[in-house]
Amino acid sequence: MLTLRTIKELESRLGQELGVSDWHLATQEDIDELALAPVLMDEVVSLQSFAFVVNAGLDRIRFPAPLPVGDRVRLRLSLEAITSRRGGRDVTFLLCFECPSQNEPVCLAESVVRVFDTC
């Protein structure tokens, strides 16, 4: 797992793939709730030493291929953008969910996380 502790460390990874999670079995509940995103993101990257980190949500969600229940899925995570905001930054990650039985991603989404340097 990659640990990023400062804005400078985040900026040094801009435009790069951060890593790939392990394969996980996809249950119907995981698929219904998009519950795999935070679990798999936590396997790839950890944001530490910030005053606080807030999940601002998902943008541009697409489902190019189906994810069959009972199949395996993993997350390929990239750091796409960092935008300044008062006291911190909005960090945009590209989430690419892969399934071995599909020729294209089963989900593409942007996850926006707000990191604050101070309270």
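Just so it is clear, none of the values below were taken in a lab; they were calculated from the coordinates. Note that the coordinates shown come from a computational prediction; the quantities given were computed from them, not determined experimentally. Note that each Cβ is placed from the backbone with ideal geometry, even for glycine, and that neighbours are counted across all protein chains shown.
Does residue 17 satisfy the criteria of being in contact (Cβ under 8 Å) with a residue 60 or more places away in the chain, under 30 Å from residue 6 (Cβ atoms) and touching a Leu at 6+ places or on another chain (Cβ under 9 Å)? Step through it out loud before you land on a result.
Details: in contact (Cβ under 8 Å) with a residue 60 or more places away in the chain: yes; under 30 Å from residue 6 (Cβ atoms): yes; touching a Leu at 6+ places or on another chain (Cβ under 9 Å): yes.
Yes; evaluated as a whole, the condition is true for this residue.
Does residue 67 fit the bill of being within 20 Å of residue 89 (Cβ to Cβ), hydrophobic (A, V, I, L, M, F, W, C) and touching a residue at least 12 places away in the same chain (Cβ under 8 Å)?
Working: within 20 Å of residue 89 (Cβ to Cβ): no; hydrophobic (A, V, I, L, M, F, W, C): yes; touching a residue at least 12 places away in the same chain (Cβ under 8 Å): yes.
Considered against the rule, which asks whether it is within 20 Å of residue 89 (Cβ to Cβ), hydrophobic (A, V, I, L, M, F, W, C) and touching a residue at least 12 places away in the same chain (Cβ under 8 Å), residue 67 comes out as no.
The residues of the stretch 72-119 that are touching a residue at least 40 places away in the same chain (Cβ under 8 Å), buried (at least 16 other Cβ atoms within 10 Å of the Cβ) and outside any strand (DSSP E or B), listed by number, are 99, 105, 106. Taken as a whole, the structure places residue 35 among residues that are surrounded by 12 or more Cβ atoms within 10 Å (Cβ to Cβ), among the small types (Gly, Ala, Ser) and either out of contact with any strand residue (DSSP E or B) (no Cβ under 9 Å at 6 or more places or on another chain) or at positive phi (or both).
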